[in-house]
Amino acid sequence: MADPAEETVAAPPPTPAAPADGASDPLLQLPADAASPEKASPPAPTPAARSRGFRLLGEDTSVHKALGGGKTADVLLWKDKKTSAVVIGGATVIWVMFEVLDYHLLTLISHVLIGILAILFLWSKATAFIKKSPPDIPLVQVPEDLAVNVARALRNDINRALHLFREIAMGHDLKKFLGVIVGLWILSGVGSCCDFLTLIYIAVLMLHMVPILYDKYQDKVDHFAGRAHSEARKQYEVLDAKVLSKIPRGLAKPKKQN
């Protein structure tokens, strides 16, 4: 009797069916350029990021960041509406009292202190008759760190201003000289129209109006500012070519070598 294993013959692997006459392999239907990776067309270059043009605060600087961030920026941009309203309301009350009602600062301070001391004194005396504990008046002191930080900030600002005036007085920067002269001339004109308190009140109003309006219409403002900046540069170049370049200047001092 024959062994079944000897009678079993391995079947040959099936051969792939040849495509019909009317059909062909899809890979064969591709164009020659697309079938070969060497001849494939290179990808289109991605367009570079378009510049947003002239920016008053810089390309990547927001209004909130330019104002220093934190609580101050929130108040000036009306993100903290209660505090912003209190600041505007307080400034308005002070301006009305001093400018409209012709109140005086020393009189106001004296009257406020009289009222506070009278209320606290009478309250403390009344608690002795009604047998209650006197009012807990906290001890108010100016922290040393706060005083040092304020003095340091004022010192740095004053030193920068003095350094700027020194550079201008020595004739090192003509642009700064012209800018400071124009700014002081405008400030003198404004000072002749209103007093110091009114000027401060206007500055407070502008600080609470200009940043939020600029943040809302930043693109339009930057567009007009860019045009004004370009025109100012053209006029300065003309002035420099006709007048400023002809002004004799002293010899530059040689730099000291360490």
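Given the pairs Lys175/Lys216; Lys176/Lys234; Lys71/Lys176, which are separated by over 24 angstrom at their Cα positions? Write down the numbers at each step before the final one.
Numbers: Lys175/Lys216 31 Å; Lys176/Lys234 17 Å; Lys71/Lys176 32 Å.
Lys175/Lys216; Lys71/Lys176, as the Cα separations exceed 24 Å there.
When ligands, DNA and RNA are left out and all protein chains stay put, how many square angstrom of accessible area per residue does region 106-178 have with a 1.4 Å probe? Spell out each step's value before the answer.
Details: 6590 Å² over 73 residues.
So region 106-178 comes to 90 Å² accessible per residue, rounded to a whole number.
Take every Cα-Cα pair in region 126-252 and report what % of them are more than 23 Å apart. Kindly include the intermediate steps, with their values, before the conclusion.
On the way: 5410 of 8001 pairs.
Considering region 126-252, 68 percent of its Cα-Cα pairs are separated by more than 23 Å.
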12 Å reach of a label modelled at Leu120, 7 Å along Cα-to-Cβ, counting backbone N of region 146-183: none
Residue-level accessible surface for Asp215, protein heavy atoms, 1.4 Å, Å²: 80
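Using a/c under 1.5 as the rounded threshold, could you call region 155-211 rounded, prolate or oblate? The axes a ≥ b ≥ c are square roots of the C-alpha gyration tensor eigenvalues, and prolate needs a/b larger than b/c, oblate otherwise.
Working: a/c = 2.31, a/b = 1.77, b/c = 1.31.
Verdict is prolate for region 155-211.
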Values of log10 I(q)/I(0), in the order q = 0.10, 0.13, 0.16, 0.21 Å⁻¹, for region 63-190 under a Debye, Cα-only, solvent-free model: -0.71, -1.08, -1.28, -1.19
Karplus-derived 3J(HN,Hα), 6.51/-1.76/1.60, for each residue of region 159-172, Hz, glycine and proline x: 5, 5, 5, 5, 5, 5, 5, 5, 5, 5, 5, 7, x, 7
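Suppose every K and R has +1 on its Cβ and every D and E has -1 on its Cβ; what is the size of the dipole of region 94-213 about the Cα centre, in Debye to the nearest 20?
280
The values are calculated or read from the model by the stated rules, or taken from the named source; none is laboratory data. None of the values given here were measured: they were computed from a predicted structure. FYI the Cβ positions are ideal-geometry reconstructions off the backbone, even for glycines, and counts take in every protein chain you see. The protein model used for the area step is the full one, side chains on, heavy atoms only, and it has no ligands, DNA or RNA in it. Shrake-Rupley method; radii C 1.70, N 1.55, O 1.52, S 1.80 Å.
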